[in-house]
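The values are calculated or read from the model by the stated rules, or taken from the named source; none is laboratory data. Because the structure is predicted, anything quoted here is derived from the model rather than measured. All Cβ positions, glycine included, derive from the backbone under ideal geometry; neighbour counts span all protein chains shown. Please note that ligands, DNA and RNA were not included when accessible areas were found on the heavy atoms of the full protein model with its side chains. Shrake-Rupley method; radii C 1.70, N 1.55, O 1.52, S 1.80 Å.
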Amino acid sequence: MSVDTPVRPDPEAGDRPSLTVTTPNARRRALISRIMSGALFLAVMAAVTPLAILLWQTLSNGWGPFSWEFLTTIEPLSYRETGGGYLHGIVGTLYMTGVAALISVPLGLAAAVYLTERPKGRYASIVRFFTDVMTGVPSVFVGLAVYALLVSGSGGLGLGFGTLAGAASLAIIMLPIVVRSSEEMLRLVPGDLKQAAYGLGARQWQATFKVTLPAAAPGLTTGVILAVARGAGETAPLILTALGAREVVLRLTGAPQADIGLLMLDGFRQPFEGGIERAWAGGFTLILITLGLSIIARMIARRSQI
Amino acid sequence: MDPRTSTARDLDPAPMAPIRAEHRPASAEDADTSPVDVHVTLDEVSVHYGPFTAVRDVSFDVHRNSITALIGPSGCGKSTLLRTLNRMNDLVPGATTSGSVTYNGEDIYAEEVDPVEVRRRIGMVFQKPNPFPKSIYDNVAFGPRLNGTKRGLDELVEHSLQRAALWDEVKDKLSQSGLSLSGGQQQRLCIARAIAVNPDVILMDEPCSALDPIATLRIEELMKDMASEYTIVIVTHNMQQAARVSDRTAFFTVDMDNERQDRTGVLVEIDQTDTIFTNATDPRTEGYITGRFG
Ligand SMILES: Nc1ncnc2c1ncn2[C@@H]1O[C@H](COP(=O)(O)OP(=O)(O)OP(=O)(O)O)[C@@H](O)[C@H]1O
Ligand SMILES: [Mg+2]
């Protein structure tokens, strides 16, 4: 057996193309690449700037008037007075958002499970069509529809303005978001897992409740929280349903309910320092609530195992 | 006639009937003439996906407490056939099965038979280890809990893990996620999970194809060990594996129909594994095994 002495290539010899010699239009490609990167950076900045300005405005104007007092007292009767707070609005917003979530989350999850388990089911295309249309309906119109159906006594149920009517309109806004995001999350669950469950003798509902839903749980929670955050920030649909109140309202029906957004609307419309300051603090609170919900949602999403 | 390779249907002269093992000089094993215990019987089983015939007219017996290997080129319908044995194909949209599959003499496709009950008796282990994203304990307890079992779960989980040769490796971390295990351990977890439902037939579709050689050997040893209690049907692309573990081997191939432009899986022959590997009746079997075809 002979041992070969290795022949190592000599880069100086020039008999093989060197790595330092580039192909003809390499310079041009590098230049285009750099221009494109710059353009993309500018585009990203253009997209982020409005958000940054918005956050900065709210923080700089809202931080000052925001206080413990703001969170724990209600607004004084006159917009001229400074001090006081949005306790009634915060209660109303959380109350209506909570009730809306109780309505829309189970319904939305059920619809999403139906869409994933029976993608070609008889009602699947109808459900998809309605969720698509509902996402596009202007939120003022949702308020108007709920007014006509629930609030108004002529032609509607005559429940009057209040928590339930407001929550119903928020639920309608949340519902398509819950359905869509949940459907996507459920689709991400690997078919392998369902097969495994069926292979062990699971019935369809058992596979759904014991495997699909738990496996998708973090993603579902994220989607649901984002939908809730979206609802919590809505004002337009509440104008005709919650109407607004000047004290803390705990009743579900029979009394108009307050809302942070509605209070801000009133505050900014008056030419008085006190009311405007509180409105900025209200905006700050709303951003805290929605931002807080989104952060929680992202943290849960990161724990997903699938 | 060798009682192990013959059934009444072997005498059926239907022209479409797959070519089966013929009588041949008795080998050492054939001298053992004790009657075989047939656990599962396939009779003229065909499976269609919509208009496409995936496998046609397959008939053979699966013997109790033995390992039957299904081999053949890709696309010849091994997985399809395996899934018909516990009605997993019912879940595939558009799949239809004809012919009959009997388990302990009962037709599993009979109208009054609940497919869920079939799957509890005839378990399945998949090609890719697919533990649930739950704890090791919950993975194994999953099947029994479906039936409402609450008491004795601890013992059942331990026993199943022991049976799957995984207990010693996981006994101190039963509450950890099943996904935290290595691929080979995950596959043994899936075997434990299948065992926990207390089936007596276990179907395995290329259970080692995602595993390294050492993990593969462990699973093979496990299978041989399990064969005393369970009837195992395994699909494999690995000839050595079929030769190492199985008692009987069925060879399938793809039947091309140039007129109708389709490819249908058919059973070429089934026999004792030794016979298939050393003395196959059909030249196609020998060609495939020696690597000349497929
Ligand atoms: N769900 C399905 N829908 C339609 N056709 C299918 C489906 N599953 C399998 N087939 C077809 O049926 C035939 C047999 O497939 P099958 O998966 O059973 O083959 P196989 O022998 O297991 O192949 P491999 O060795 O590659 O796993 C193939 O032609 C395949 O394309
Ligand atoms: Mg296969």
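What the table below lists for this structure:
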item: Criterion (away from ligand 2 (no atom under 16 Å from the Cβ), at pLDDT 95 or above and surrounded by fewer than 19 Cβ atoms within 10 Å (Cβ to Cβ)) met by exactly one of B:ASP32, B:ASP12, B:ASP43; result: B:ASP43
item: Residue in segment A:204-219 that is nearest to B:ASP90 (Cα to Cα), counting only those that are within 9 Å of another protein chain (Cβ to nearest Cβ) and open to solvent by less than 30 Å² (accessible area, probe 1.4 Å); result: A:GLN206
item: Some residue of segment B:229-240 being within 16 Å of ligand 2 (Cβ to nearest atom), closer than 13 Å to B:GLY184 by Cβ and modelled with pLDDT under 95; result: no
item: Boolean, B:ILE108 is within 30 Å of B:ASP172 (Cβ to Cβ), of a type in the set (Val, Ile, Thr) and modelled with pLDDT of 95 or more; result: no
item: Conditions (1) within 14 Å of chain A (Cβ to nearest Cβ); (2) touching a Pro at 6+ places or on another chain (Cβ under 7 Å); (3) over 27 Å from B:ALA250 (Cα atoms): number failed by B:PRO133; result: (2)
item: Of residues in segment B:188-235 being within 16 Å of ligand 1 (Cβ to nearest atom) and not hydrophobic (A, V, I, L, M, F, W, C), the one most open to solvent (accessible area, probe 1.4 Å); result: B:SER209
item: Which numbered condition B:ASN198 misses (of (1) part of a loop (DSSP other than H, G, I, E, B); (2) touching a strand residue (DSSP E or B) at 6+ places or on another chain (Cβ under 8 Å)); result: (2)
item: Some residue of segment B:164-172 being over 22 Å from B:TYR230 (Cβ atoms), assigned to a helix (DSSP H, G or I) and open to solvent by 50 Å² or more (accessible area, probe 1.4 Å); result: no
item: Residue count for segment A:256-275, restricted to those that are in a helix (DSSP H, G or I) and without any contact (Cβ under 8 Å) to a residue 12 or more places away in the chain; result: 2
item: Residue in segment B:236-244 that is surrounded by fewer than 24 Cβ atoms within 10 Å (Cβ to Cβ), closer than 25 Å to B:ARG119 by Cβ and of a type in the set (A, V, I, L, M, F, W, C) present; result: no
item: Filter result (open to solvent by 10 Å² or more (accessible area, probe 1.4 Å), among the polar types (S, T, N, Q) and assigned to a strand (DSSP E or B)) within segment B:47-94; result: B:THR53
item: Failed condition for A:LEU293, given (1) within 22 Å of A:LEU144 (Cβ to Cβ); (2) of a type in the set (A, V, I, L, M); (3) at pLDDT below 95; result: (1)
item: Looking only at segment B:112-121, and only at residues there that are within 9 Å of chain A (Cβ to nearest Cβ) and in contact with a strand residue (DSSP E or B) (Cβ under 8 Å, 6 or more places away or on another chain), the one that is nearest to B:GLU229 (Cα to Cα); result: B:ARG121
item: Some residue of segment A:248-267 being of a type in the set (Val, Ile, Thr), more than 14 Å from chain B (Cβ to nearest Cβ) and more than 25 Å from A:TRP63 (Cα to Cα); result: yes
item: Residue list for segment B:100-114, restricted to those being assigned to a strand (DSSP E or B), away from ligand 1 (no atom under 16 Å from the Cβ) and of a type outside the set (Phe, Trp, Tyr); result: B:SER100, B:THR102, B:GLU106, B:ASP107
item: The listed residue being within 28 Å of B:THR80 (Cα to Cα) and open to solvent by less than 10 Å² (accessible area, probe 1.4 Å), out of B:PRO115, B:PRO131; result: B:PRO131
item: Residue that is surrounded by the fewest Cβ atoms within 10 Å (Cβ to Cβ), among those in segment A:146-162 that are outside any loop (DSSP other than H, G, I, E, B) and touching a residue at least 24 places away in the same chain (Cβ under 8 Å); result: A:TYR147
item: Residue count, segment B:137-156 (criterion: away from chain A (no Cβ under 14 Å) and in a helix (DSSP H, G or I)); result: 4
item: Close pairs from segment A:53-68: first assigned to a loop (DSSP other than H, G, I, E, B), partner of a type in the set (A, V, I, L, M), Cβ under 7 Å, at least 6 apart; result: A:PRO65/A:ALA281; A:PHE66/A:ALA281
item: B:PRO35 vs. criteria part of a loop (DSSP other than H, G, I, E, B) and within 16 Å of ligand 1 (Cβ to nearest atom); result: no
item: Subset of segment A:182-203 (residues that are open to solvent by 30 Å² or more (accessible area, probe 1.4 Å) and more than 14 Å from every other protein chain (Cβ to nearest Cβ)); result: A:GLU184, A:ARG187
item: Count - residues of segment B:75-104 that are on the phi > 0 side of the Ramachandran plot and in contact (Cβ under 8 Å) with a residue 60 or more places away in the chain; result: 3
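To keep it simple, each residue is scored yes or no on (1) among the acidic types (Asp, Glu); (2) in a helix (DSSP H, G or I); (3) without any contact (Cβ under 8 Å) to a residue 60 or more places away in the chain.
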residue: A:GLU184; (1), (2), (3): yes, yes, yes
residue: A:GLN195; (1), (2), (3): no, yes, yes
residue: A:GLN206; (1), (2), (3): no, yes, yes
residue: A:THR222; (1), (2), (3): no, yes, no
residue: A:LEU238; (1), (2), (3): no, yes, no
residue: A:LEU250; (1), (2), (3): no, no, no
residue: A:GLY254; (1), (2), (3): no, no, no
